[in-house]
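Only one structure is covered here, and it is reproduced in the block below.
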Amino acid sequence: MKKCDIRDRSLRKVGKERIEWADKDMPVLQLVRERFEKEKPLAGVRMSACLHVTAETANLCRTLKAGGARLLLCASNPLSTQDDVAASLSYDYGIPTYAIKGEDTKTYYKHIRAAVEHKPFITMDDGADLVSAIHTDYPELADTVLGSMEETTTGVIRLRAMEADGALKFPVIAVNDAQTKHLFDNRYGTGQSTLDGIIRATDMLVAGKKFVVAGYGWCGRGVAHRAKGLGANVIVTEVDPLRAIEATMDGFWVMPMAQAARIGDIFCTVTGDIKVIRREHFAAMKDGAIVCNSGHFNVEVDIPALQKLAKSKRRVRAFVDAYTMRNGRTVYLLGDGRLINLAAAEGHPASVMDMSFSGQALTSEYVVKRKTRLAPGVHEVPREIDEWVSRLKLKSMGIKIDRLTAEQREYLASWSMGT
Ligand SMILES: NC(=O)c1ccc[n+]([C@@H]2O[C@H](COP(=O)([O-])OP(=O)(O)OC[C@H]3O[C@@H](n4cnc5c(N)ncnc54)[C@H](O)[C@@H]3O)[C@@H](O)[C@H]2O)c1
């Protein structure tokens, strides 16, 4: 196995500049790094991280290395890698990186294999592919893993399914479920960067368009609100009645996809589900409809069904494929149905990843410093980590908040006082 596998070493200079640019918007992570540098809480710990290889991830990796970790990084998606960042990580920061933007499935899994063969004590995942590879292909390694961190909703869903099956052999911390992660990263990060990805891919005006968002979870709320902010008429599709009411009261039209398919101009799935836009929906779409996904896997849009319906497929711009169907209409699919914010743009802005990745770094420290290994299963991020990260984030933003007075504390803890 090569010492790293990246596209082009000469991109390192640009990558380093981008990593440093992102770092200035990650003040909380900087504080963690400064402390890690002094205390070395991860000294000598072998770690493998399978994450989107972005400038923000690079700053997390620098932090883990500053803490003493012997870290290896591989891509968590074939299309989300920033090749310049991968070059800089490997050659400026000494973090072996296995990631090439646009890599095929075989290379993607070869890179995951490199992460497994590093024999990590701690793993980090965005989508659970690394944990899954260890359990499926290297079960003997599972007993030696001290713990794992999971970054995204889809990964947590997969891991809970493994836990329910009795298949999960080591502890995993659901970093996604920390308040300082999904409330901000999934909502504001995915919201902004998904619109950024759609705009960069198409250069289209969003104002006045009928913009269909499938799923009104943390990410869907963000995407819907940002599309509305740009002047779109937003339609939400849902399967959960509570979320559908929430979307309605937030001022969005709610309807089934079968109905939305006929009127939408731009479609974006963010459900974590499969075949949310499928054959009958493509067949009903208007000529020129744009379809993309910002959920974790490229299964939300049924691409094989689109391919079957199409009589021709043509790449018309980077990240835009025109599928002309037998009914004469053309549907444009963005970014091969992969997360459009990472495929066509740069993923979440650094300021929001500051919280997510501070949580990741501190959770790794928590797992390593515990005297005993946590039981196999999915665990929550300790509450103190969420509190610490949110207080420091607020401080870094120069925002002060009130404190409870002694009388208020007493009042809130008592039941005796009424009208
Ligand atoms: N693009 C990114 O950078 C990014 C960032 C964070 C999370 N994600 C991914 O985005 C996806 C959504 O994450 P989330 O945190 O919003 O999850 P969530 O569970 O909060 O929301 C998902 C929503 O989709 C709805 N849904 C499920 N099936 C549906 C269907 N067939 N039609 C319509 N709605 C349906 C659910 O009812 C739920 O409300 C996951 O795959 C997650 O891993 C992507």
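The values are calculated or read from the model by the stated rules, or taken from the named source; none is laboratory data. Predicted model only: the values in this text are computed from it and were never measured. FYI the Cβ positions are ideal-geometry reconstructions off the backbone, even for glycines, and counts take in every protein chain you see. Surface areas here come from the heavy atoms of the whole protein model, side chains and all, with no ligands, DNA or RNA. Shrake-Rupley method; radii C 1.70, N 1.55, O 1.52, S 1.80 Å.
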Placed amide H near residue 49: partners under 5 Å, 5+ positions off or other chain
72, 73, 74, 124
Kindly state, to the nearest 0.05, the FRET efficiency for residue 8 paired with residue 203, given R0 = 30 Å and r defined as their beta-carbon distance.
0.65
Would you pull out the residues with amide H under 5 Å of residue 204's amide H, same chain only if 5 or more places away, H placed 1.01 Å from N?
none
How far is it, in nm, from the label point at residue 407 to the one at residue 246 when both lie 7 Å from their Cα along the line to the Cβ?
3.7
What does the C-alpha gyration tensor say about the overall shape of the chain? Classify as rounded when a/c is under 1.5, otherwise prolate if a/b is larger than b/c, or oblate.
oblate
Phi angles of region 299-312, converted by Karplus (6.51 cos²θ - 1.76 cosθ + 1.60, θ = phi - 60°) into ³J(HN,Hα) in whole Hz with x for Gly and Pro, give 10, 5, 9, 7, 5, x, 5, 5, 4, 5, 6, 7, 9, 8
Could you look at region 286-406 and say what percent of its accessible area is carbon and sulfur, using a 1.4 Å probe and all protein chains?
52
Within region 1-33, which trypsin sites (Lys or Arg not before Pro) sit in a loop by DSSP and count at most 13 neighbouring Cβ atoms inside 10 Å?
2, 3, 24
Heavy-atom accessible area per residue, region 26-116, 1.4 Å probe: how many Å²?
29
Cα centroid of region 140-171 to Cα centroid of region 193-228, whole Å
32
Return the subset of 24/209; 2/101; 119/275; 2/169; 275/311; 209/313 for which the Cα-Cα distance in this structure is over 26 Å, preserving the input order.
24/209; 119/275; 2/169
Structure-based [θ]222 nm, the chain - -39500 (n - 2.57) summed over DSSP H runs of at least 4, per residue, nearest 500:
-13000 deg cm²/dmol
Give the ranking of 238, 39, 410 by solvent-accessible surface, highest area first, calculated with a 1.4 Å probe.
410, 39, 238
What number, in percent, do you get for the relative contact order of the chain if the mean sequence gap of Cα pairs under 8 Å and at least 6 apart is divided by its residue count?
17
Apply the Karplus parameterisation 6.51 cos²θ - 1.76 cosθ + 1.60, with θ equal to phi minus 60°, to every residue of region 153-163 and state each ³J(HN,Hα) to the nearest whole Hz, in sequence, with x for glycine and proline.
4, 4, x, 4, 4, 4, 5, 5, 5, 5, 4
Two-site FRET efficiency, residue 163 against residue 313, from Cβ-Cβ distance with R₀ of 51 Å, rounded to 0.05:
0.80
Table column - 3J(HN,Hα) (Hz), region 38-47, Karplus curve with 6.51, -1.76, 1.60, x for Gly and Pro
6, 8, 6, x, 10, 3, x, 7, 7, 10
Please compare each pair in 210/286; 65/369; 369/400; 286/308 to a cut-off of 20 Å on the Cα-Cα distance and tell me which ones are over it.
369/400
Distant-in-sequence amide H partners of residue 214 (H built 1.01 Å from N, under 5 Å)
237, 268, 269, 270
Among 53, 148, 258 the positive-end extreme of the charge dipole of the chain (Cβ point charges):
53
Taking region 333-419, which trypsin sites (Lys or Arg not before Pro) meet the DSSP loop condition and have no more than 15 other C-beta atoms within 10 Å?
370, 371, 373, 400, 403
